[in-house]
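Everything below concerns the one structure shown next.
The values are calculated or read from the model by the stated rules, or taken from the named source; none is laboratory data. Remember, it's a predicted structure, so these values are computed and weren't measured experimentally. Virtual Cβ from ideal backbone geometry, glycine too; neighbours counted across all protein chains shown.
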Amino acid sequence: MAQGSPTQSGRAPASAAARIRVPGLVLGVGLGGFVDGILLHQLLQWHHMLSSTDTDNIGVRYYPVDTVSGLEMNTVWDGLFHTFTWLAVLIGLGLLYSRIVDSRGQVGSRVLWGWILVGWGLFNLVEGVVDHHILGIHHVRADAYQLWWDLGFLALGVVLVGGGWLLQRSGSSVDVDTSPPAR
């Protein structure tokens, strides 16, 4: 069987699929962070990075979002969070580009999207456990159902990791031959 061609099962060869695991995970972390930051922080305004520091577990000064100075400080920390997610996307794209060029496009999109979903799910799990539960600096939505929102965020992370894992395993390689046709 030729290097990079599909296996008997139609799945991408392990070496080709493994090349985009890290870029996919890093892209997933960055994109998952953007979804969290844009949807939950900005559009729905359910929380900001330091919006629950009045009940946190590490003693961070409280910055209430209903005051100008509190919102300013939360906006700065949201900006730092977005900087992290932006850098993760840039690094993921750089890694992906270098790996795709090296593999000559021999990895199908299901493999890449699967790893991106796994990365997004890992972002939800790590961010949810650390920020919502261990540090307590913010919660998905601070209301009577706060714990359920936080647990739902973690459950979504588990679904994304599992679904992404299954998706990348179902992917096949695609041999993109860029050489001109024989005459």
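Residues that are assigned to a helix (DSSP H, G or I), buried (at least 21 other Cβ atoms within 10 Å of the Cβ) and in contact (Cβ under 8 Å) with a residue 12 or more places away in the chain occur in the range 132-142; there is at least one.
Tell me the residue from Val35, Val101 that is of a type in the set (A, V, I, L, M), modelled with pLDDT of 95 or more, closer than 20 Å to Pro23 by Cβ and surrounded by fewer than 15 Cβ atoms within 10 Å (Cβ to Cβ), please.
Val35
A quick yes/no check of all residues on (1) buried (at least 21 other Cβ atoms within 10 Å of the Cβ); (2) over 19 Å from the mean Cα position of the chain (by Cα); (3) not in a helix (DSSP H, G or I):
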{"residue": "Gln42", "(1), (2), (3)": "no, no, no"}
{"residue": "Leu50", "(1), (2), (3)": "yes, yes, yes"}
{"residue": "Asp56", "(1), (2), (3)": "no, yes, yes"}
{"residue": "Pro64", "(1), (2), (3)": "no, yes, yes"}
{"residue": "Leu71", "(1), (2), (3)": "no, yes, no"}
{"residue": "Phe84", "(1), (2), (3)": "no, no, no"}
{"residue": "Trp113", "(1), (2), (3)": "no, no, no"}
{"residue": "Phe123", "(1), (2), (3)": "yes, no, no"}
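Between Asp36, Asp54, the distinction of being more than 22 Å from Val161 (Cα to Cα) and of a type in the set (D, E, K, R) belongs to Asp54 only. Mind listing whichever residues of the range 143-172 are in a helix (DSSP H, G or I) and in contact with a Gly (Cβ under 6 Å, 6 or more places away or on another chain)? Hits for the range 143-172 are Phe153, Leu154, Gly157, Leu160, Val161, Gly164, Leu167, Gln168.
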